[in-house]
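Student: First, the structure itself, so that you have it in front of you.
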Amino acid sequence: MRISVDDWHFREAQAELVLLDVFLDNGQHAVLEINPMRNLTAVNGEVPEMIMFCEMPGERISGEGAPARWIARPPSRECPWSSVQVPAALMEQIKQRLSAPASA
């Protein structure tokens, strides 16, 4: 079952990292962390690393051992995948933020 993002708010981020508070259509709150693509010559060169930190029953997004599930570009095949899908409008805003020059 796919879970959609209903609403989102960008947080203040450090360096190239983009953080968002996202609110899912199942009523849950999650944190979405986005790291830019490092290898621009790769086939999926425009796809950033997207990691969802989401509370599920018995889990917490704060503290040690927060559950991380990848939406895109996991570091290895053993990484758990998220069932959250990102709307096209949010993906466009993410791409704009990643391509914007760093503020002083």
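Student: Add +1 for every Lys or Arg and -1 for every Asp or Glu among the other residues with Cβ under 12 Å from the Cβ of Trp81, and state the total. All intermediate terms of the calculation are to be shown ahead of the outcome.
Tutor: On the way: positive: Arg2, Arg69, Arg73, Arg77; negative: Glu78.
Charge balance in the 12 Å sphere: +3.
Student: Here's another thing I want to ask about it. Return the distance in nm (one decimal) between the two label points of a simple spin-label model at Gln93 and Ala68, each offset 7 Å from Cα along Cα→Cβ.
Tutor: About 2.4 nm, to one decimal.
Student: For Asp7, what is the net charge nearby, where nearby means another residue's Cβ is under 13 Å from its Cβ and Lys, Arg count +1, Asp, Glu -1?
Tutor: Working: positive: none; negative: Asp6, Asp21, Asp25.
With Lys, Arg at +1 and Asp, Glu at -1, the neighbours total -3.
Student: Work through the residues other than Asp25 whose Cβ is under 12 Å from its Cβ and net out their charges, Lys, Arg +1 and Asp, Glu -1. Walk me through the intermediate numbers first.
Tutor: Details: positive: Arg2; negative: Asp6, Asp7.
Around Asp25, the charge tally is -1.
Student: Among 72-83, 13-24, how do they line up by average Cβ neighbours within 10 Å per residue, starting with the highest? Don't jump to the answer; show the numbers that get you there.
Tutor: On the way: 72-83: 12.3, 13-24: 14.9.
Sorting 72-83, 13-24 by mean packing, highest first, produces 13-24, 72-83.
Only the coordinates and a few stated rules stand behind these numbers; no lab work does. Only a predicted model underlies this, so the values are computations on that prediction, with no experimental measurement involved. Backbone-built Cβ (ideal geometry, glycine too); neighbour counts: all protein chains shown.
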